[in-house]
Amino acid sequence: MLLGCHLSIGKGFPAAIDEAESLGMNAIQIFSHNASSWRMKEITGEIATAFRERFARSSVEFIVIHTMYLLNLASPDDALYERSIISLQEEIRRAGMLGIDQIVTHIGAHVGSGVEAGIARITSALNRALCSDIAREYPSVRVLLENTAGAGTTMGTKFSELGEIIRNLSDPSRAGVCFDTCHAFAAGYELRTSNGLAKTLDEFDSEIGLNHLELIHLNDSKFPLGSRRDRHAHVGGGEIGIVGISRVVNHPALRDLPFILETPKEIDGKPGADRVNLAQVRSLHKEKEE
Ligand SMILES: [Zn+2]
Ligand SMILES: [Zn+2]
């Protein structure tokens, strides 16, 4: 299976691959810069080449860049909106330079302007970013929209919203969806039972289309079903639990997708949680019967 964690680039891009390999991951997620700042440290040609070479001779097969949290593609505020579109385009450029084909992003919050206005804003932001000169320069880079837990006025909590946005893109082939299990569960989508998971994926399929699903954020949830609160828990250590997580990683529609853990880095105040969570997922993932 394709499995890994969100890793820090604090020691440079190649160091993230070193860490992934030392933990036996074949998939990773990274930020391309400090995610709490608009400033993006330049990626020089030299940095890009070194990373691409490291990636090419690595056991890591899948890398995705997560955009920063400041970005709001639904914002009614023009300055923030324009800044968000420029940043998304820059992320496309950075991914392209690093040889990374997927970017995952939260789509933002309408902050009172309403769901329909938010959807229109996001659709036009994505159309602009995906039809930009930068996007044309890096045609292999795709943008994955992530579902959210539903705190405040965040968009993308209902599958119908993500589906409407993707259907209205001028080039839907450059967009996909990332399904975060903690967010879906907090948003009220049942994952713990066989029927519940089937119903959730049926709704995903009818509202968005399972063909658009490209990535799973495999997180357990600290808070109960429908709580609309976004707090990740260790795999099997939250409200979704071992049985629910096991159903997700073994479901025929999901099992061959990349799984990225965004679980806490510490267990009982000690580092090393990634190793424990990865082992837990691997033990749950049953080999396909030939
Ligand atoms: Zn996520
Ligand atoms: Zn989250």
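For the range 58-81, residues that are closer than 15 Å to Ala125 by Cα and either polar (S, T, N, Q) or more than 16 Å from the chain's Cα centre (by Cα) (or both) total 10. With respect to Ser84, is the statement that it is more than 18 Å from the chain's Cα centre (by Cα) and in contact (Cβ under 8 Å) with a residue 24 or more places away in the chain true? The answer is no for Ser84. Taken as a whole, the range 154-165 holds no residue that is closer than 27 Å to Met1 by Cβ, of a type outside the set (Asp, Glu), in a helix (DSSP H, G or I) and over 18 Å from the mean Cα position of the chain (by Cα).
Taking the criterion of being of a type in the set (A, V, I, L, M) and more than 14 Å from Gly118 (Cα to Cα), the residues of the range 146-191 that qualify are Ala149, Ala151, Leu169, Ala175, Val177, Ala184, Ala186, Ala187, Leu191. So which residues in the range 246-280 are within 16 Å of ligand 2 (Cβ to nearest atom), within 17 Å of the chain's Cα centre (by Cα) and either assigned to a helix (DSSP H, G or I) or not aliphatic (A, V, I, L, M) (or both), if there are any at all? Within the range 246-280, Val248, Phe259, Glu262, Thr263, Pro264 meet the criteria.
Let's see how each residue does on (1) farther than 20 Å from Met155 by Cβ; (2) under 20 Å from the mean Cα position of the chain (by Cα); (3) without any contact (Cβ under 8 Å) to a residue 60 or more places away in the chain; (4) within 14 Å of ligand 1 (Cβ to nearest atom):
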{"site": "Arg192", "(1), (2), (3), (4)": "yes, no, yes, no"}
{"site": "Leu197", "(1), (2), (3), (4)": "yes, yes, yes, no"}
{"site": "Thr200", "(1), (2), (3), (4)": "no, yes, yes, no"}
{"site": "Asp205", "(1), (2), (3), (4)": "yes, yes, yes, no"}
{"site": "His212", "(1), (2), (3), (4)": "no, yes, yes, no"}
{"site": "His217", "(1), (2), (3), (4)": "no, yes, no, yes"}
{"site": "Asp220", "(1), (2), (3), (4)": "yes, yes, yes, yes"}
{"site": "Pro224", "(1), (2), (3), (4)": "yes, no, yes, no"}
{"site": "Ile242", "(1), (2), (3), (4)": "yes, no, yes, no"}
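For the range 156-203, taking the residues that are among the small types (Gly, Ala, Ser) and within 16 Å of ligand 2 (Cβ to nearest atom), the one that is surrounded by the fewest Cβ atoms within 10 Å (Cβ to Cβ) is identified as Gly188. Filtering the range 75-90 to residues that are under 18 Å from Lys41 (Cα atoms) and among the hydrophobic types (A, V, I, L, M, F, W, C) leaves Ile85, Ile86, Leu88.
Give me a count of the residues in the range 204-222 that are assigned to a loop (DSSP other than H, G, I, E, B) and surrounded by fewer than 18 Cβ atoms within 10 Å (Cβ to Cβ).
From the range 204-222, those assigned to a loop (DSSP other than H, G, I, E, B) are 208-209, 218-219, 222; that's our starting set.
When the remaining residues are screened for being surrounded by fewer than 18 Cβ atoms within 10 Å (Cβ to Cβ), the result is 209.
Of the residues in the range 204-222, 1 are assigned to a loop (DSSP other than H, G, I, E, B) and surrounded by fewer than 18 Cβ atoms within 10 Å (Cβ to Cβ).
Are any residues in the range 24-40 surrounded by fewer than 17 Cβ atoms within 10 Å (Cβ to Cβ) and either assigned to a helix (DSSP H, G or I) or aromatic (Phe, Trp, Tyr) (or both), and if so, which ones?
Hit for the range 24-40 is Trp38, nothing else.
Here Ser124 passes the criteria (1) without any contact (Cβ under 8 Å) to a residue 40 or more places away in the chain; (2) surrounded by 23 or more Cβ atoms within 10 Å (Cβ to Cβ); (3) over 23 Å from Phe259 (Cα atoms) except the one numbered (2).
Of all residues in the range 68-84, those satisfying the criterion of being more than 16 Å from ligand 2 (Cβ to nearest atom) and either assigned to a helix (DSSP H, G or I) or loosely packed, with under 13 Cβ neighbours inside 10 Å (or both) are Asp77, Asp78, Ala79, Leu80, Tyr81, Glu82, Arg83, Ser84. Residues considered: Ile65, Ile47, Ile43, Ile17. Of these, the only one that is closer than 17 Å to Gly96 by Cα, surrounded by 21 or more Cβ atoms within 10 Å (Cβ to Cβ) and among the β-branched types (Val, Ile, Thr) is Ile65. When Ser283 is tested against (1) within 15 Å of ligand 2 (Cβ to nearest atom); (2) surrounded by fewer than 19 Cβ atoms within 10 Å (Cβ to Cβ), only condition (1) is not met.
Here, each number is a calculation from the coordinates, and none is a lab measurement. This one's a predicted model, so the numbers in the text were calculated from it and none came from an experiment. Don't worry about glycine lacking a Cβ; one is built from the backbone with ideal geometry, like all the others, and counts go over all protein chains shown.
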